[in-house]
1. Do any helices (runs of 4 or more DSSP H) entirely within segment 89-194 hold 2 or more residues that are within 18 Å of PHE219 (Cβ to Cβ), and if so, which?
2. Return the pairs, sorted by first residue and then second, in which the second residue is of a type outside the set (A, V, I, L, M), the first residue lies in segment 33-52 and is in the same structural domain as PRO6 (by TED's automatic domain parsing), the beta carbons are less than 6 Å apart, and the residues are 6+ apart or on different chains.
3. Looking at segment 225-238, is at least one residue polar (S, T, N, Q), within 27 Å of ILE173 (Cα to Cα) and crowded, with 17+ Cβ neighbours inside 10 Å?
4. Within segment 109-135, take every residue that is surrounded by 14 or more Cβ atoms within 10 Å (Cβ to Cβ) and among the polar types (S, T, N, Q) and give me the one that is farthest from the chain's Cα centre (by Cα).
5. Could you check THR285 against (1) in a helix (DSSP H, G or I); (2) surrounded by fewer than 16 Cβ atoms within 10 Å (Cβ to Cβ); (3) not assigned by TED's automatic domain parsing to the domain that holds LYS184 and say which number it fails?
6. So which residues in segment 227-250 are over 36 Å from the mean Cα position of the chain (by Cα) and at pLDDT below 95?
7. Report, ordered by the first and then the second residue, all pairs with beta carbons closer than 6 Å, sequence separation of six or more or different chains, a first member in segment 181-200 that is touching a residue at least 40 places away in the same chain (Cβ under 8 Å), and a second member that is surrounded by 15 or more Cβ atoms within 10 Å (Cβ to Cβ) and polar (S, T, N, Q).
8. Is there any pair with a first residue in segment 277-306 that is of a type in the set (Lys, Arg) and a second that is modelled with pLDDT under 85 and in a helix (DSSP H, G or I) whose Cβ atoms are under 9 Å apart and which are 6 or more apart or on different chains, and what are they?
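The values are calculated or read from the model by the stated rules, or taken from the named source; none is laboratory data. Since this is a predicted model, take the numbers as computed values, not measurements. Counting neighbours? That spans all protein chains shown, and the Cβs are built from the backbone with ideal geometry, glycine included.
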Amino acid sequence: MIVITPLDQFTSEQTAWLVGLLETVMVHRMRGIEIDGDNEPLVASVIAFGPESIAKVVIDSLAASSLLAVAPAILNVRDVACTAWFPGPVLDVVVQQLPASLQKKVLEYHYLKDPITYRRLKQLFQKWQRVGSTFVTAVKAESLTDTRCDTLRQSIQHPSKFPSDVVGLTAAIRRDFDPEDVEKIICNTLDLLGRESLPLATADHFKTYLKIYVMIENFAGYFSADAVAPWNRRVVDAVYRMPTSEWILKVLDQFNAPSIRRFLDLIDADTRHKTASIRAQAIRTQQAVSETIDTSNFENVRLAIG
């Protein structure tokens, strides 16, 4: 175990050796320097207690094996911000050797300061997961993602909640969680909703579907076509039941343009359906849209048609 010493407590012999090292790295700019075990505490001490400019130069000059040897002792003294000075491959190994509490601090630092390094390190530490700007254990994170999933699902289904409420929740999910946890939350939410009987016959039902499509469009890259297809079918079947052309346009126009485009594509496919009644409904709906759109004020439908 390396024991480091404040620089003002060095002996004259230790100081002389350190001056020689600094001349080697700062004047002669030598790199890849191997430090013998007896002098590792001196190197660790100058990196831990020395000025940042000198510490960085010494780190850059050391061979990877020597830096690996002294790094844990340095991090017991110096703020984890100094890990930003370590070469990536060395940092990856060093952090894995740290106690869990220090690993957490390193992740928190790089999340805020260096997203590229953060994403790399996070793959090494499945123990920790981000929630907001802090890190919790994977077990705690699973509980929090489940809670957020329940909150989103309840907001979608509750009649008193509006699409704007779901917009706020989805924005918070995107902000508070890393992509893999975002995917888990929103895919589980859609899966749970799909297991329930959600008719599309009343105003409250319709609002539920509007909120579902807010989530789908806000996280479009996370959902497969197969996951969204059943929801498209439910909406299109409801559109087919509309009594007039104006009602067809009114229903469609409540959704945003990307969602309407999904519905129109399905309606177009239905015009070639093997079942005659479905073909007839699709053709009637297409005609209603084409005949009415030019004389109406349904901006979302206009935007979807392009």
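1. Because the criterion is at least 2 residues that are within 18 Å of PHE219 (Cβ to Cβ), the helices (runs of 4 or more DSSP H) in segment 89-194 that meet it are 138-157, 163-176, 179-194.
2. From segment 33-52, the pairs are ILE33/SER61; GLU34/SER66; ILE35/SER66; LEU42/GLN14; SER45/THR5; ALA48/ARG78; PHE49/PRO6.
3. Within segment 225-238, the subset polar (S, T, N, Q) is 232.
Within this subset, residues satisfying the condition of being within 27 Å of ILE173 (Cα to Cα) are 232.
Applying the additional criterion that residues be crowded, with 17+ Cβ neighbours inside 10 Å yields 232.
Checked against the condition, which is being polar (S, T, N, Q), within 27 Å of ILE173 (Cα to Cα) and crowded, with 17+ Cβ neighbours inside 10 Å, segment 225-238 yields at least one hit.
4. The residue in question is THR117.
5. (2)
6. Of segment 227-250, the ones over 36 Å from the mean Cα position of the chain (by Cα) are 240-249.
Across segment 227-250, the qualifying residues are ARG241, MET242, PRO243, THR244, SER245, GLU246, TRP247, ILE248, LEU249.
7. ASP181/THR145; ILE185/THR145
8. What qualifies is ARG302/ILE293.
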